[in-house]
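Asker: Provided herewith is a single structure, encoded as structure tokens, for subsequent inquiry.
Bear in mind that the values in this text are calculations on the coordinates, not laboratory data. Since the model is a prediction, treat every value here as computed from it, not as a measurement. Cβ atoms come from the backbone with ideal geometry, glycine included; neighbour counts cover every protein chain shown.
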Amino acid sequence: MQCPKCKNEMKEAEYKGTKYDQCKGCGGLWFDALEAEDLVEEGKGAAAIDTGDAKKGCGFNKKREINCPVCNVRMCRVHDLKQPHIQLETCGVCKGTFFDAGEFKDFCEETFMDGIKDRLTKHR
């Protein structure tokens, strides 16, 4: 599989029974449908697998028009509702998701301030 951001090869890996792909170049992560959710529930798995350079990932996050590495259709950019600073790409056909290096770890680690913002918006 080829990385949708930097076009380098992605290697398949596994963490506690959940498979994912990681780019050898930019460190981005690809999850087939529902694989990311399994690891989010695991919690500590994000630090173990999202080992890419977050600064490098931030640079690649600016690349907006990418195609799904599985079905080659244009991916949609989405924001996490609880953490709107996280912008990831998802495929509307196969439901796969791409996280730039550092994004998955950030996604799994809701910060104290994220929790405060969430509570404040619920009380409006």
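Asker: Find, among the GluC sites (Glu not before Pro) in segment 45-111, those assigned to loop by DSSP (not H, G, I, E, B) with at most 11 other beta-carbon atoms within 10 angstrom.
Answerer: For GluC sites (Glu not before Pro) across segment 45-111 that sit outside H, G, I, E and B with at most 11 neighbouring Cβ atoms in 10 Å, the list reads Glu65.
Asker: Starting from the Cα of Thr51, step 7 Å along the direction of its Cβ; do the same at Asn67; then give the gap between the two resulting points in nm.
Answerer: 3.1
Asker: What order, most packed first, do the peptides 50-61, 8-19 have when packing is the mean number of other Cβ atoms within 10 Å of each residue?
Answerer: 50-61, 8-19
Asker: Right, next: Mind checking the full-extension length gain between Val93 and Arg77? Use 0.36 nm per residue of separation minus the Cα-Cα distance, one decimal, nm.
Answerer: 4.4 nm
Asker: What is the gain in length, in nm to one decimal, between Ala13 and Asp32 on full extension, counting 0.36 nm per residue of separation less the C-alpha to C-alpha distance?
Answerer: So the chain would gain 5.6 nm between Ala13 and Asp32.
Asker: To continue, here is another question. For Leu29, what is the net charge nearby, where nearby means another residue's Cβ is under 10 Å from its Cβ and Lys, Arg count +1, Asp, Glu -1?
Answerer: -4
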